[in-house]
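Structure record follows, encoded as structure tokens.
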Amino acid sequence: MIPISVRFEPRERLSRWTNVWVPFFAIVLALVIAGIVLAVSGHNPITTYQQIIEAAFTQPGAFTQTLVSTTPLLYTGLAASIAFRMRIWNIGAEGQLYLGSIAAAGVGLYLQNLPAPVVVIAMMAGGAVAGSLWAAIPGALRAYLNTNEILTSLFLNYIADYLMYYLIFDSTSFWRDLTSPAARVFPQGKFLPASGNWPALSIGSVTVPLGLILAIVLAGLLWGMIRGTRYGFEMRVMGDAPRAAKHAGMNIRRKILSIMLLSGAVAGLGGASQVGDFRHVLDPRGLEQAQFGYTGIVVAALARYNPISAVVAALGIGVLTNAGLALQGPNFPIGLTGTMEGILLFCVLGSEIFVRYRLRIGRTSGPVAPRRAEAAPGPARTAAEIASTERRELAS
Amino acid sequence: MRKRSMKRLGAFVAAFTAAGVLAACGSTNAGNTTTTGGSTPAGQWTTSHPFKVAWIYVGAKSDAGWTHQHDLGRQAVQNAFGGRVETLYKENVPEGPQVTTTIDQLVNDGANMIFATSFGFQPYVVAAAKKYPNVIFEQATGTDVGKNLAEYGGAGEDGDYLAGMAAGYATHNGKIGFVAPYAIPEVIREIDSYTMGARLVHPGATVKVVWTNSWFNPAAERQAAQSLVASGVDVLGDGVDDPTVGEVAASAGIKWTGYDSNQNQYAPSAYLTNTIYDWGPYYVRDVRTAMEGTWQSHFYYGNMTDGTITIAPFGSSVSEAAKTAILAKAAEFKKGTFNQFTGPVYKQDGSVGIASGETIPIWNASDPSTLSRYTLSWFSEGVIGSAKG
């Protein structure tokens, strides 16, 4: 037997530096591995990477389009991040976004004759409330009946999907267009008049959608809330040390419910932005194909549930999405773009372990060393001890 | 109005399990197979300055159905013009703002002509046609035309009439089941045609419809097909993309008609025939006029006469009598002497849907409220089920 052991040891302290260089090297590693894959499949890696930069940033209009892809992912990424930060596994951003779209389209159509700013704000409010209420269902079930919110929020996505389809395909609902020539051929929603089209900010040749600006502001607010408020502190404690939270007398049920409401509101706003910023219609098929809610989970994971990092992660996935569209074609199979994206995500997410753990390679003279004592809390420890340990870990 | 509903499992998540996809990297692509261009005169385009034509697909070109058939059409264009055209395509493009992204990228890459093959692309294509007046756009199964925007579709229902005849010959008890996607005019006219075909050769036959509300949902299709088998049908038809219904039919020991492309291989023991869309001749024709500078906007509805619609080679269990009758009817479609939507056509409840001697148009753009193939929304006599979904 080779007398060498390879072990992962938890880092005593998590340094900011580690937080930067590990993901950086992960990306470099991913570029190298993807480069090998590209070279083996007969593509020049350098040219390919150049094409990615062009497609995402430098071609005329490319960066504007990247922002279009980024916007919904930031909403669903934030929705997932804040829930996951508290270990509430809201997989339902997809459905909450659908509900936000339904409400925003409904409000926008209903109030269409009011001044545009009123309509826009009402659409936002409608989207947020609808997403929030949809999330309240798994939230309340989890909080009061201890139901598994992963399953309930996931199943509600399908119900929301059916609801959307019902409104456009299987009923003569308020949302459905019954008169236009195109609608006679294939069911579609009523398009919003100009009052419901959200304005956008033009900076040079780049157009920034209002929804993106709102989402970035939201990211800042959520970050501030988690870091600097009592609410955020309780949220972190409940996420990292639920027993401590309980012993400290925090109202866990109310917190679970309120976090789900907040998460759902963010996702619902994302749905409103889809209608107001981009589609101007309730578009069940397009929203279903886009799968923003599920991709948002990837964004949250990349951002390690940090709202500010989510902005970067959403932009990163937006870049990949548009670059993927640009690259694929007769000489570049879609599977290859998927593989490249997969390599990148795998490296970045997989590198997480190096942030939290240190790789220890050394000679061993016997069996693997026992786990560190404090990693295995025994029954002898008091609740206060557990709380203090967990809080120390949290603070580091 | 065709639109795929391929559930994209967030390309990113799926990519984790996509190690096998690497194999695809080695596959050859038609984009490189430059065969000789033949003697076709096609403008000033040369191998060093090729005409660039692009396709935008909503699904994967390997879907064995709708998108696959369009991609065969793209390959036909490549083969017809060789190095003087460069064909591009983008697959799995979701309906939404990313259609704009894709079009921007294609125009940036120098595309001269763009085909969009899903109805849901239309609003974005209409906007792009205004933004890029020098690029020619064609939208499949759409409704809006413009100076540089044409529409095209195909009478799949004519092939369905023939497939219905095959089903009518195959059924013993006169009970046929049909797994249908959306309750929209395109699918309703297919089911009506299928039922008329079946009843032509098997008077009194009925076609029982179950909806799945998706072009592509194998689980729902399996359930729908099984429920139809349980209700006693002895032939199954479908208007969805994948051959799942065929598998159910084969395991139940009954017969089946598929859709879109030749699906014989998926359930040979059950297979009868099905409608095939062949876009090649149309694409070659339109790309040629575009290359020559004579392209004009149009609204096109292909059929058996021009070869856009064909039916697949018969399965082994189709009788000689059935083959003869079906081919005779196919010849009438080709000659243009038969139209199943010429009255009298009776509705499900027995009332007159199309008066005797009257023929409904394909589509009346100037008055969309006119009854046409594009707007027909009722089931014909013999269909069991609701046309409302």
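The values are calculated or read from the model by the stated rules, or taken from the named source; none is laboratory data. Predicted model, so just to flag it, every value in this text is computed and none were measured. FYI the Cβ positions are ideal-geometry reconstructions off the backbone, even for glycines, and counts take in every protein chain you see.
So here's what we get for this one:
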| item | result |
| --- | --- |
| Extreme residue, farthest from the other protein chains (Cβ to nearest Cβ), among residues of the range A:299-316 that are within 10 Å of the chain's Cα centre (by Cα) and closer than 15 Å to A:T66 by Cβ | A:V311 |
| Filter result (surrounded by fewer than 22 Cβ atoms within 10 Å (Cβ to Cβ) and under 19 Å from B:I362 (Cβ atoms)) within the range B:287-309 | B:Q296, B:S297, B:H298, B:F299, B:Y300, B:Y301, B:G302, B:N303, B:T305, B:D306, B:G307 |
| Top-ranked residue in the range A:179-190 [being in contact with a helix residue (DSSP H, G or I) (Cβ under 8 Å, 6 or more places away or on another chain) and within 12 Å of chain B (Cβ to nearest Cβ); ranked as modelled with the highest pLDDT] | A:G189 |
| Candidates B:S297, B:S319, filtered to the one that is among the polar types (S, T, N, Q) and touching a helix residue (DSSP H, G or I) at 6+ places or on another chain (Cβ under 9 Å) | B:S319 |
| All positions within the range B:121-136 that are touching a residue at least 24 places away in the same chain (Cβ under 8 Å) and under 21 Å from B:G302 (Cβ atoms) | B:F121, B:V125, B:I136 |
| B:Y169 being in contact (Cβ under 8 Å) with a residue 40 or more places away in the chain, under 23 Å from B:T308 (Cβ atoms) and in a helix (DSSP H, G or I) | no |
| Tally of residues being of a type in the set (V, I, T), within 12 Å of another protein chain (Cβ to nearest Cβ) and part of a loop (DSSP other than H, G, I, E, B) across the range B:123-153 | 3 |
| Pair list, Cβ under 8 Å, 6 or more apart: the range A:60-76 residue at the interface with chain B (Cβ under 7 Å from one of its Cβ atoms), other residue hydroxyl-bearing (S, T, Y) and outside any helix (DSSP H, G or I) | A:P60/A:S205; A:G61/A:S205 |
| Boolean, B:L376 is closer than 20 Å to A:F186 by Cα, assigned by TED's automatic domain parsing to the domain that holds B:V210, free of Cβ contacts under 8 Å to residues at least 60 places away in the same chain and surrounded by 12 or more Cβ atoms within 10 Å (Cβ to Cβ) | no |
| Qualifying residue in the range B:187-195 (condition: on the phi < 0 side of the Ramachandran plot, among the aromatic types (F, W, Y) and either crowded, with 24+ Cβ neighbours inside 10 Å or over 18 Å from the mean Cα position of the chain (by Cα) (or both)) | yes |
| Out of A:L269, A:L257, sole residue that is closer than 13 Å to A:N90 by Cα, of a type outside the set (V, I, T), out of contact with any Pro (no Cβ under 8 Å at 6 or more places or on another chain) and in a helix (DSSP H, G or I) | A:L257 |
| Among residues of the range B:319-349, those that are farther than 17 Å from B:E157 by Cβ and part of a helix (DSSP H, G or I), counted | 10 |
| Failed item in (1) touching an Asp or Glu at 6+ places or on another chain (Cβ under 9 Å); (2) part of a helix (DSSP H, G or I); (3) not charged (D, E, K, R), with B:A80 passing the rest | (1) |
| One residue from B:V179, B:V210, B:V187, B:V235 being modelled with pLDDT under 95 and of a type in the set (A, V, I, L, M, F, W, C) | B:V187 |
| Residue list for the range B:211-244, filter: hydrophobic (A, V, I, L, M, F, W, C) and either surrounded by 24 or more Cβ atoms within 10 Å (Cβ to Cβ) or touching a strand residue (DSSP E or B) at 6+ places or on another chain (Cβ under 6 Å) (or both) | B:W211, B:W215, B:A224, B:A225, B:L228, B:V233, B:V235, B:L236, B:V240 |
| Selection within the range A:1-23 - of a type in the set (D, E, K, R) and surrounded by fewer than 12 Cβ atoms within 10 Å (Cβ to Cβ) | A:E12, A:R13, A:R16 |
| When residues of the range A:284-298 are limited to those that are under 11 Å from the mean Cα position of the chain (by Cα) and among the hydrophobic types (A, V, I, L, M, F, W, C), the one surrounded by the most Cβ atoms within 10 Å (Cβ to Cβ) | A:F292 |
| Residues of the range A:139-176 classified as touching a strand residue (DSSP E or B) at 6+ places or on another chain (Cβ under 9 Å) and either on the phi > 0 side of the Ramachandran plot or touching a residue at least 60 places away in the same chain (Cβ under 8 Å) (or both), total | 4 |
| Of all residues in the range B:31-67 being modelled with pLDDT under 55 and within 14 Å of chain A (Cβ to nearest Cβ), the one that is surrounded by the fewest Cβ atoms within 10 Å (Cβ to Cβ) | B:N32 |
| The listed residue being of a type in the set (G, A, S), out of contact with any Phe, Trp or Tyr (no Cβ under 9 Å at 6 or more places or on another chain) and either buried (at least 17 other Cβ atoms within 10 Å of the Cβ) or modelled with pLDDT of 95 or more (or both), out of A:A26, A:A103, A:A83 | A:A103 |
| Selection from the range B:329-347 of residues that are among the aliphatic types (A, V, I, L, M) and without any contact (Cβ under 8 Å) to a residue 40 or more places away in the chain | B:A331 |
| Number of positions in the range B:79-101 that are over 17 Å from A:S69 (Cβ atoms), more than 7 Å from chain A (Cβ to nearest Cβ) and touching a strand residue (DSSP E or B) at 6+ places or on another chain (Cβ under 9 Å) | 5 |
| Subset of the range B:179-204 that is of a type in the set (G, A, S) and farther than 18 Å from B:A225 by Cα - its residue that is farthest from the other protein chains (Cβ to nearest Cβ) | B:G204 |
| Criterion: more than 11 Å from chain A (Cβ to nearest Cβ) and in a helix (DSSP H, G or I) - qualifying residue of B:D104, B:D160 | B:D160 |
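Conditions (1) without any contact (Cβ under 8 Å) to a residue 40 or more places away in the chain; (2) within 11 Å of another protein chain (Cβ to nearest Cβ), marked per residue:
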position: A:V319; (1), (2): no, no
position: A:L327; (1), (2): no, yes
position: A:P333; (1), (2): yes, yes
position: A:L336; (1), (2): no, yes
position: A:G342; (1), (2): yes, yes
position: A:L345; (1), (2): no, yes
position: A:E352; (1), (2): no, no
position: A:G362; (1), (2): no, no
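The rows are residues; the columns are (1) surrounded by fewer than 18 Cβ atoms within 10 Å (Cβ to Cβ); (2) away from chain B (no Cβ under 14 Å).
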| site | (1), (2) |
| --- | --- |
| A:A160 | no, yes |
| A:Y165 | no, no |
| A:I168 | no, no |
| A:S173 | yes, no |
| A:L192 | no, no |
| A:I203 | yes, yes |
| A:V217 | yes, yes |
| A:G224 | yes, yes |
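For every residue, the table says whether it meets (1) assigned by TED's automatic domain parsing to the domain that holds B:I191; (2) under 26 Å from B:H172 (Cα atoms); (3) touching a helix residue (DSSP H, G or I) at 6+ places or on another chain (Cβ under 7 Å).
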site	(1), (2), (3)
B:A205	yes, yes, yes
B:S214	yes, no, yes
B:R222	yes, yes, yes
B:Y259	yes, yes, no
B:N262	yes, yes, no
B:R285	no, no, no
